[in-house]
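Read-outs: derived from the displayed coordinates by stated rules, not from any lab. Because the structure is predicted, anything quoted here is derived from the model rather than measured. No Cβ is skipped: glycine too gets one built from the backbone with ideal geometry, and neighbour counts run over all protein chains shown.
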Amino acid sequence: MLIALLLLFSITRWWGYLGSILLLTVFTTYVGLIWVGAFPRVPCNCAGILESLGWLEHFVLNMICIGIAVWGIRLKTGDGRKVR
């Protein structure tokens, strides 16, 4: 909820993007470890509204979300190019 609130306001949006990237990276690492079989049993089989997705699909979805957050942080900080 805090990250969502940070993303709402332009003055805190950079911190919201950074928090999103960090949280998604931790979760993606967890999903990746499950996907490659690093645990003797699956620690959690709950996926909320995305329960129809497998571990590979979760991993890909998380990577896409990380990409969107990185894109957002680059737009927020500017990457030297002029945005029209």
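Some points to look at:
- The modelled label-to-label distance between SER10 and PHE39, using points 7 Å beyond Cα along the C-beta direction, is 4.2 nm.
- The length gained on full extension between PHE27 and SER52, counted as 0.36 nm times the residue separation minus their Cα-Cα distance, comes to 7.2 nm.
- Fully extended contour minus Cα-Cα distance, from LEU61 to LEU2, at 0.36 nm per residue: 19.1 nm
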